[in-house]
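Single-structure report; data block below.
The values are calculated or read from the model by the stated rules, or taken from the named source; none is laboratory data. Quantities reported herein were computed from a predicted structural model and do not represent experimental measurements. For neighbour counting, all protein chains shown are included, and Cβ atoms are generated from backbone atoms with ideal geometry for every residue, glycine included.
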4 protein chains.
Amino acid sequence: MNSNFKEQIEQFKLRNQNRGRLLVSCPDQPGIVSAISQFLFSYNANIIESSQYSTNPEGGEFFIRIEFECPLLKEKANEMKEQFIEIANKFSMKWTLTPVFKVKKTAIFVSKELHCLLELIWELQAGDLMTDIALVISNHEAARDVVEGLNIPFYYIPANKEIREQVEKDQLKLLKDYDVDLIILARYMQILTPNFVAANPNKIINIHHSFLPAFIGARPYERAYDRGVKLIGATSHYVTNDLDEGPIIEQDIARVDHRANVEALKKIGRTIERSVLARAVKWHLEDRIIVHQNKTIVF
Amino acid sequence: MNSNFKEQIEQFKLRNQNRGRLLVSCPDQPGIVSAISQFLFSYNANIIESSQYSTNPEGGEFFIRIEFECPLLKEKANEMKEQFIEIANKFSMKWTLTPVFKVKKTAIFVSKELHCLLELIWELQAGDLMTDIALVISNHEAARDVVEGLNIPFYYIPANKEIREQVEKDQLKLLKDYDVDLIILARYMQILTPNFVAANPNKIINIHHSFLPAFIGARPYERAYDRGVKLIGATSHYVTNDLDEGPIIEQDIARVDHRANVEALKKIGRTIERSVLARAVKWHLEDRIIVHQNKTIVF
Amino acid sequence: MNSNFKEQIEQFKLRNQNRGRLLVSCPDQPGIVSAISQFLFSYNANIIESSQYSTNPEGGEFFIRIEFECPLLKEKANEMKEQFIEIANKFSMKWTLTPVFKVKKTAIFVSKELHCLLELIWELQAGDLMTDIALVISNHEAARDVVEGLNIPFYYIPANKEIREQVEKDQLKLLKDYDVDLIILARYMQILTPNFVAANPNKIINIHHSFLPAFIGARPYERAYDRGVKLIGATSHYVTNDLDEGPIIEQDIARVDHRANVEALKKIGRTIERSVLARAVKWHLEDRIIVHQNKTIVF
Amino acid sequence: MNSNFKEQIEQFKLRNQNRGRLLVSCPDQPGIVSAISQFLFSYNANIIESSQYSTNPEGGEFFIRIEFECPLLKEKANEMKEQFIEIANKFSMKWTLTPVFKVKKTAIFVSKELHCLLELIWELQAGDLMTDIALVISNHEAARDVVEGLNIPFYYIPANKEIREQVEKDQLKLLKDYDVDLIILARYMQILTPNFVAANPNKIINIHHSFLPAFIGARPYERAYDRGVKLIGATSHYVTNDLDEGPIIEQDIARVDHRANVEALKKIGRTIERSVLARAVKWHLEDRIIVHQNKTIVF
């Protein structure tokens, strides 16, 4: 990444050296918030933001996200994690405790259409997304100039059905080499194999160019045009092995009328795709999303 | 209808005694607008509003809606229609010329949920819809009080699969007796037979409680909940014999989040259903809709 | 109120006999959430919903709203309030602890335009607002039929500048007699005196028919028309003695174009006014609003 | 401009060599549409798109925009203009007839914040705006790299109150040298003098970072924050000599809540500013706007 980005990340780390985020899911019962907040208070941590949700107060599932400020977090984080295990066990929690200064590393996959990639870069430059774009992988050369212009490594890996296995092997190696936390499919027009998806559970975010579950699969704008819809949409979701059936993170729509032909729908759609993907990525980076039974809770 | 409504309709007729609407579809070519506007000018008519659309200027289909003010329209309307045939033939037009003072007669079909019916009545009372509600037909008694309270005839016709044939025979007779122009399915939860639909082409407007083509068929809110969508919608369309596949007139959506259970989705959805159906009906009553190849052009 | 409403309220009370809400504002510091949640846990209360906000984690103001389920709340509520004083003092809290079964009593003030009143009644009937409408006061007779039709007491109190003092004296007496918790100005077109406002701090909700602070004062739609705006709006706010300057609770807008004359703006505006006021009232009734320095925090 | 843009423009010209636009305002009376459409038909022109509006059919003002396809327009345009004068005189028309292949030349003025400039360039690259950006003028150096990177001339002209007269003299000379049709103030934070404005009537488009007429003048986001609004907005308008009082072209808003501080409002606002300005510019370039009595008609 170029020096501006690197500088931005360093400042962010400094500003957030004491900031942590705790995500918890567990069966609901009285005493959970009390136990967690006492735990945090015992480290002199101040709760900055807290959101919770319960599917059903009686016998349901409980979810909470807490953002806190804790003096000397860098030094204490590991100890906190160890100590938290006792509470976690008592309440049968699934949980993560993430120091904010650990900036997530991202790989962006893209094909020929660059608008989603450009939007992510735009948001990054504006300071609205905080991630370290470790690399960009594409089955086309279209994005090379803009990506390399920002000193981000660009890998051109041609792809098609026949060579998919080798392609994904190369890709997975790169992801491992760069220690990537999140894969963003920014209009990457290749299908991923179950093998690839299984290796990255809830770590691949896709943008689908329709309002799912309408127009699952290929050519959604063409099919929206044929159906004569009055609104078109875009959907960002985690990738699972059911095509376009993974947990939905965010959706949005725009109004269209009979005047819009397929080309116009695509143009209007690009604006929605850009913002929907950017919001989904932002929420993931901020640890705002919990996946539960093929749905997302977004705090 | 009660005296307030009748009074409103009479005032509307008086106010619009010289107002007419011309709807035309034909193959596109130069000279259409010129021919139509000369025709209108020859009757000293003033064009108040005009909208047009062409699928493709070269060899496409042309559509136009003109609203005009013509002195003595009441006396001249029939002559105008006769005279227009020459132009219509020359350009191979499908067309209608409708005097606005001919207020359309409506039949509303409803089941147990009354929010769409109530919205239509509300809009009527506010002067935002101009129609003569000739009768309300229901397979439940729930709407009787409110309908009869407005002096609108209410017909309770129980319905189910077994007796559908006889039910529709009774309904069609009522529609004929009351000389109905438009049938509004305001959450009428019975399927109509091909026979009934064929008897009323582009004359039945339905409200479907999802963002079509997502969640075609029954229980859309339950299925939206299961899928974890972030937006829910409603769709108003003309009824054809393909279930929920008729030409879409209007759609809208509302944002929801993980907190909304099925009951909450239904509540939020009702607000969208109300306004989407009311807009579609309004546009139909104002002769703003042309159906073309299972799509609508809404001027 | 008619028997349907009364029945609805009784069911709501029963369903929520153990439900409570705690609202707290205090200077921010570590340990607040811990203290509150321990307190609730000591009563075996389960936190159902919790939202918090801090103006600035370092030396700012802290706000929290907690909704909880506490066995035998009816019996324990008073004891809880007494016991909470210790925590409240320690953290210098302003706070309220409200049992949900104490349904709030509302007075609706209205003039000639009834759409906001009708919307509130509609929401009430749909089970989306939970309040006991104790009475309706109007300076016109327009609303009498609909209000008395629901067995809600209706008071016709003519009003104008000259007799304002006596009018408000009568109104305040009624509010006291009916033990009213909230006053809703549902398009009540009279200005209230400082005396009346001072007697009801943060207890009067008004709907203003513009997007404040644009078009403060009279005739906002006429002025919006003259200015040629492309969006019109409505604003719901608590009433203070600065005209249309009180804390804003909710705002919304609708798109308009050059075709809309003043009459059309008013029609479009009514739809926004209805929903904006209904949302603001709903949030107040659910104890979601904290007023802080002429702004609202809406949880 | 760089070769891509130049190529795009040339293709656009070729594609639109027979496309023209006619804008007309005149007192309303029967026969206007007939006269215009006969005129166009006499040149064998096909009307592609037509929109009209009348302030009041009886004695009001009439407006129409017609887009047409006319064989050999390039050769005939001047003759058409001459011939149209007769009709124009008969109906007391103000009018323009613009061949679409005459691509408008634009000057963009910008200060330190580049998001609006970048959005315009983005739209240009996507083929959604058709203009020849002749030059960019700025009182800061911030935009130089991106502008010169596209081979667009960049002029750094420092500006402040004291030297305003000389600054504007230099700017006006550049506008004349480059034969500019439209000036876009893309967050240019200097006030223009009456002299400058008078030299460019309805040719300067500004983006104001509030929902006008709320927060006229400086620091609108700070004032929106202080007022505690729940929606923030942006307004694009033609510049007149009354600050922020010129004819409004487009407005939009975004929802905010109590969590948004001034910095957050600015971030959210930037997204609205970008799209609002881009739409206004697009409509101007497509000759869709008629200014009438300090309002815009946007067809």
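Can you pull out every residue in region A:123-142 that is crowded, with 18+ Cβ neighbours inside 10 Å and within 14 Å of chain D (Cβ to nearest Cβ)? A:E123, A:L124, A:L129, A:M130 - these are the residues of region A:123-142 that are crowded, with 18+ Cβ neighbours inside 10 Å and within 14 Å of chain D (Cβ to nearest Cβ). Here the condition is being within 18 Å of B:E58 (Cα to Cα), among the polar types (S, T, N, Q) and either surrounded by fewer than 21 Cβ atoms within 10 Å (Cβ to Cβ) or in the same structural domain as D:G127 (by TED's automatic domain parsing) (or both); of D:N56, D:N44, it holds for D:N44 alone.
Entry remark, region B:31-48: residues being β-branched (V, I, T) and facing chain D (nearest Cβ under 7 Å) number 3 in total. Of all residues in region A:197-237, those satisfying the criterion of being part of a helix (DSSP H, G or I) and in contact with a strand residue (DSSP E or B) (Cβ under 8 Å, 6 or more places away or on another chain) are A:V197, A:P220, A:Y221, A:A224, A:R227. Given the residues D:F12, D:F5, which is the only one that is outside the structural domain of D:M93 (by TED's automatic domain parsing), touching a Leu at 6+ places or on another chain (Cβ under 8 Å) and farther than 27 Å from C:N261 by Cβ? Testing whether each residue is outside the structural domain of D:M93 (by TED's automatic domain parsing), touching a Leu at 6+ places or on another chain (Cβ under 8 Å) and farther than 27 Å from C:N261 by Cβ leaves just D:F5. Residue-level check: of (1) farther than 20 Å from B:A45 by Cα; (2) surrounded by 18 or more Cβ atoms within 10 Å (Cβ to Cβ); (3) within 14 Å of chain B (Cβ to nearest Cβ), D:S111 misses just (3). Put simply, of C:D226, C:D242, C:D257, C:D252 the only residue that is of a type in the set (D, E) and either in the same structural domain as C:R21 (by TED's automatic domain parsing) or surrounded by 18 or more Cβ atoms within 10 Å (Cβ to Cβ) (or both) is C:D252. D:V180 fulfils the conditions (1) of a type in the set (A, V, I, L, M, F, W, C); (2) free of Cβ contacts under 8 Å to residues at least 40 places away in the same chain; (3) farther than 21 Å from A:L118 by Cβ except for a single criterion, (2). Once region D:125-148 is narrowed to residues that are within 18 Å of D:L277 (Cβ to Cβ) and part of a helix (DSSP H, G or I), the residue that is farthest from the chain's Cα centre (by Cα) is D:V146. For region A:15-71, the strands (runs of 3 or more DSSP E) that sit wholly inside it and include 2 or more residues that are more than 23 Å from the chain's Cα centre (by Cα) and free of Cβ contacts under 8 Å to residues at least 60 places away in the same chain are A:46-54. From the list C:K169, C:K161, the lone residue that is more than 29 Å from C:E7 (Cβ to Cβ), at pLDDT 95 or above and out of contact with any helix residue (DSSP H, G or I) (no Cβ under 9 Å at 6 or more places or on another chain) is C:K169.
Within region A:65-80, how many residues are surrounded by 17 or more Cβ atoms within 10 Å (Cβ to Cβ) and either out of contact with any Cys (no Cβ under 9 Å at 6 or more places or on another chain) or assigned by TED's automatic domain parsing to the domain that holds A:I290 (or both)? Total satisfying the criteria: 7. When region A:230-272 is limited to residues that are touching an Asp or Glu at 6+ places or on another chain (Cβ under 7 Å) and closer than 14 Å to B:K230 by Cα, the one that is farthest from the other protein chains (Cβ to nearest Cβ) turns out to be A:A234.
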